[in-house]
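Values quoted throughout were computed directly from the atomic coordinates according to the rules given, and no laboratory measurement underlies them. If you're wondering where the values come from, they're calculated on a predicted model, not measured in any experiment. Cβ atoms come from the backbone with ideal geometry, glycine included; neighbour counts cover every protein chain shown.
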Amino acid sequence: MRDVAIISFAQSVSARESERNEVEFLMPVVREAIAASGIERSEIGFTCSGSSDFLQGQPFAFVMALDAVGAWPPIRESHVEQDGAWALYEAWVKIQTGEVESALVYGFGKGASGDLGEILALSLDPYCVTPLWPHADSIAALQARAWIEAGRGTERSLAEITSRSRRAARSNPHAIVSGDETPDELLARPYVASPLRAHDCAANGDGASAVVLAAGDLARSVCSRPAWIRGIDHRVDPASLGVRDLTRAPSAELAGLRAGVGRDRIDVAELYAPYAHQEAILRQALGLPETTNVNPSGGALCGHVMMSCGLQRIGEVARRILSGTADRGVGHATHGPALQQNLVCVLEGE
Amino acid sequence: MADPVKSIVTPIRLEYDYTPGRATSRFLRGIARHCILGQECPKCHKVYVPPRGSCPACAVPTEREVEVRDTGTVVTFSIIRVPSENIHFELPYAAISVLLDGAGIPFFHVVQDIPLDQVRMGLRVRARWVATEALAPTIASIECFVPSGEPDAPWESFREHS
């Protein structure tokens, strides 16, 4: 395997991009990531993006987004209808083939242009589930209820996760929401879909993120402390909610195992958990000990950009390794209903 | 065996709050006051009309606003013979790609007031606007293009776009 590292990361998140179109808010992020990488735009070997046209309600919106990158003279480019974390995986594979030495990866989304919870219903079984239009929060609530009934946690556990996340988000300039409420204060608020309250569900917004990847010697030559990808894996559970044990995330367990999460201590973990109970499920799936600092950014609960959030989780870990505040960490991304698909990326500094 | 289920009906309706973006919003507001605004790339100096806020070739934001003229040159065309929802032109009609004077890229519209067999590359046209009181922030404020009567533009002047 070739050594591949994240050498730069940039992000932009807001509750609502009411003026700028995707290109207008993506371009500064891409430019910032490229400038910080120390590699010229024209020298980057591959470009891969993650987005969904359903969020914009516009066909081929992902092609228009290339205006932010500069695709002339023609570039090697690809796109996944997935979170940018999966675009990162494709770019990592591309570098593994030896065809390229570096890659630009970005993810972007306007989750606030429509009702994200309804748009996501279109990703369900089109015959028997989508016609019922289950809201994403409702599906997550079914999972949270099963999790509580199985004795894995309580509503207070949810409040504790949310309280800790909102406090952590106070020091994150990219957070959409933050707060210093105690669990008791949060428990006094009304349900959205019981047992979930509004603060237990991700704060959706608009935004983008970008990272630059580079292989071994190139990464070392442009970056004093690259965030090396020591393991990366993604797995999928069945799409049908009825055939899964919703209180677990077997695909996250397997991806974590294959990525080598447990091989050494993990200083920091950024878990893409758009609902509070999912953080607990993922923490268990990845076998993270109490000593691991989980979601120091506040996580998806405090700022959720659909199609970018997973790449941001990996980027948040990379950022801490690049700056030397962490040595080994794990970034996680999810997609699909109730943690159906999971990607785990283990990063390490030298 | 029972008859197979050959189709199901599942109505889908999603509402979006669409944002054209800052650059295109300025363009549309310009149209509402009889003015066609493009944006110039600070690197390659190409003028984008309508602007989307960036130069896709240079990957830099375009900020300098440039007013272009409402006259231009047909760089390519097609005779449309199939009806389409929301199109009010009588069939058949000529859809054109028109390079406005001062613009660096052509955009699409329709040419009228000319026999279809005379529509040609190089034809000089000008915009026919709706009545001043009907001007609004929409490309439909330009009803169509019509021949301007000027001599045809030489091929060299638009070869990059045809």
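The Cα trace of segment B:1-135 gives Rg and Dmax of 20.0, 69 Å, the first to one decimal, the second as a whole number.
From the C-alpha gyration tensor of segment A:61-104, pull out the three semi-axes of the equivalent ellipsoid (sqrt of 5λ each), sorted largest to smallest, in whole Å. Could you put the intermediate results ahead of the total?
Numbers: eigenvalues 69, 44, 9 Å².
Over the Cα atoms of segment A:61-104, the semi-axes work out to 19, 15, 7 Å.
Dividing the convex hull volume of the alpha carbon atoms of segment A:43-186 by its residue count gives 187 Å³ per residue.
Can you tell me, using C-alpha contacts under 8 Å and at least 6 residues apart, the relative contact order of chain A as a whole percent?
Numbers: 817 pairs, mean separation 89.2, N = 350.
It comes to 25 percent, rounded to a whole number.
Rg and Dmax, both from the Cα atoms of segment B:19-68 and both in Å, are 10.1, 30. Volume of the convex hull of segment A:132-267 (Cα atoms only), normalised per residue: 183 Å³. Whole angstrom only: what separates the Cα centroid of segment A:71-113 from the Cα centroid of segment A:153-185? Comparing the Cα centres of segment A:71-113 and segment A:153-185, I get a distance of 32 Å. Distance from the alpha carbon centroid of segment B:112-162 to that of segment A:229-265 works out to 59 angstrom.
Scanning residues 5 or more positions from B:T76 or on other chains, those with amide H under 5 Å from its amide H are B:S97, with H placed 1.01 Å from N in the peptide plane. Taking every alpha-carbon pair under 8 Å whose residues sit at least 6 apart, segment B:19-68 reaches a relative contact order of 37 percent.
If the only charges are +1 at each Lys and Arg Cβ and -1 at each Asp and Glu Cβ, what is the size of the charge dipole of segment B:19-68 around the Cα centre, to the nearest 20 debye?
Numbers: 8 positive and 4 negative charges, 21 e Å.
Rounded to the nearest 20 debye, it is 100 debye.
Volume per residue of the convex hull around the Cα atoms, evaluated for the protein assembly as shown, comes out as 196 Å³.
Per residue of B:10-16, other chain Cβ atoms within 10 Å of the residue Cβ number 6 on average.
Which whole-number percentage describes the relative contact order of segment B:70-162, with Cα contacts under 8 Å and a sequence gap of 6 or more? Don't jump to the answer; show the numbers that get you there.
Values: 175 pairs, mean separation 28.4, N = 93.
Here the relative contact order equals 31 percent.
With +1 assigned to the C-beta of every Lys and Arg and -1 to the C-beta of every Asp and Glu, and no other charges, what is the dipole magnitude of segment A:4-54 about the Cα centre in debye, to the nearest 20? Walk me through the numbers on the way to the answer.
On the way: 4 positive and 8 negative charges, 23 e Å.
Approximately 120 debye in magnitude.
Straight-line cross-link partners of A:K94 among the aspartates and glutamates, defined as a Cα under 15 Å from its Cα and at least 8 positions apart when in the same chain: A:D3, A:E77, A:D233.
Legend: mean number of C-beta atoms from other chains within 10 angstrom of residue C-beta atoms, peptide A:17-25, equals 6.
Relative to the dominant Cα principal axis of chain B, helix B:22-31 is inclined by about 70°. Expressed to the nearest 5 percent, the antiparallel share of DSSP beta bridges inside chain A is 75 percent. Projecting the Cα atoms of B:I12, B:P115, B:G53 onto the charge dipole of chain B, computed from C-beta unit charges around the Cα centre, puts B:G53 farthest toward the positive end.
Based on the Kirkwood radius over alpha-carbon pairs, what value in µm²/s does the Stokes-Einstein equation return for the translational diffusion coefficient of segment B:70-162 at 20 °C and 1.002 mPa s? This corresponds to a translational diffusion coefficient of 157 µm²/s.
Treating the beta-carbon of each Lys and Arg as +1 and of each Asp and Glu as -1, no other charges, what is the dipole magnitude of the protein assembly as shown about its Cα centre, to the nearest 20 debye? Numbers along the way, then the final one.
On the way: 48 positive and 62 negative charges, 119 e Å.
Here the protein assembly as shown has a charge dipole of around 580 debye.
Taking each DSSP H run with n ≥ 4 as -39500 (n - 2.57) and averaging over every residue of the protein assembly as shown yields -7000 deg cm²/dmol at 222 nm.
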